[in-house]
Amino acid sequence: MNRIGMVLLLWAGSALAVFAQTDSLEYLDKDRVRVKSKEEATYYKISHWNGAPDGSGTEITYYLTGEKESVVPFAVMGAVREGVAMDWYKSGQVSEKKYYHQNRLQGISEEWYADGTRKALMTYWQDTLHGTLKTFYPTGALKRKDVYQKGRLKEGHCYAPDSTELPYVPYQTLAEFPKGGTAGLRKFILNRGRMPEAAILAGVGGKVVVNFVVGPDGKVERVWIKEASFREFAQEVMRVMRTMPNWKPGTLEGEPVSQRFVLPIRFSFTQ
């Protein structure tokens, strides 16, 4: 019997200089999705690596008008983030600062509003929240104070701008497939997906990595193939993704937000 297996990993300008041979240029839309031309883009990204493409390097993203938007350092280019990553508003004000170790968030992360007022302060341990997380209103008043222990919420408080305590809402929630969560998504893919006839005739299996965005309204949008071992596999995955129902949207501070996901899908033959 021909089956599809799946491993699910949910994770939410100006004139350009002449690049060295180890530089590459990409245009990105507002969701940081690669597009073909400057006319479709909101940002452009220059990736610079030292030596071989899988060596260390840096990705620098710019607004189309030339202002720096973000810098991400890599120990292994495009795969293992290592060091201090920074984001900026178009004005040049820092919006976020975080530290990666072996591709995981580690230590203190900070966020600011466009006027430089502190927005959030938190600590990570191996990619999970650990210690005290605080967020603030633009006035500087405390908005939230959560205490985590290696990713587990131990204590949480939310406040109004006048410091009155409010009913607690989680800092962040991930978008969720509407029927059964991750297990329901796996079942949906298995039931809808088919092994392409061309793959059956060739006797080959393979893998597709598809990215997509779940919007604040729960709609699955901006679906694109990041990797595919066989063209027909990519076409089949796109067909299935077009039938995806609306999700329960993810939230940040209780408000629905867009979140980007990565979904590896494996095509294989079983007896």
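Some points to look at:
- Subset tally (residues that are farther than 15 Å from residue 190 by Cβ and surrounded by fewer than 14 Cβ atoms within 10 Å (Cβ to Cβ)) for region 235-245: 2
- Hey, residue 232 over 18 Å from the mean Cα position of the chain (by Cα), in a helix (DSSP H, G or I) and closer than 25 Å to residue 31 by Cβ or not: no
- Listed conditions (1) surrounded by 15 or more Cβ atoms within 10 Å (Cβ to Cβ); (2) modelled with pLDDT under 95 are all met by residue 151, apart from (1).
- The set of residues from region 173-199 being part of a loop (DSSP other than H, G, I, E, B), within 24 Å of residue 257 (Cα to Cα) and of a type outside the set (D, E, K, R) comprises 174, 175, 177, 178, 180.
- Among the residues here, residue 27 does not qualify as modelled with pLDDT of 95 or more and not small (Gly, Ala, Ser).
- Residue match in region 200-212 (condition: surrounded by fewer than 18 Cβ atoms within 10 Å (Cβ to Cβ), modelled with pLDDT of 90 or more and not in a strand (DSSP E or B)): no
- Residue in region 88-136 that is farthest from the chain's Cα centre (by Cα), counting only those that are surrounded by fewer than 18 Cβ atoms within 10 Å (Cβ to Cβ), among the small types (Gly, Ala, Ser) and more than 19 Å from residue 68 (Cβ to Cβ): 131
- Filtered by the rule that a residue be in a strand (DSSP E or B), in contact with a strand residue (DSSP E or B) (Cβ under 6 Å, 6 or more places away or on another chain) and over 21 Å from residue 28 (Cα atoms), region 43-96 gives 83, 84.
- All conditions but one from (1) exposed (fewer than 15 other Cβ atoms within 10 Å of the Cβ); (2) among the β-branched types (Val, Ile, Thr); (3) over 18 Å from the mean Cα position of the chain (by Cα) apply to residue 84; the one that does not is (3).
The values are calculated or read from the model by the stated rules, or taken from the named source; none is laboratory data. Because the structure is a prediction, the values reported are computed rather than measured. Using ideal geometry, Cβ is built from the backbone for each residue, glycine included, and neighbour counts are taken over all protein chains shown.
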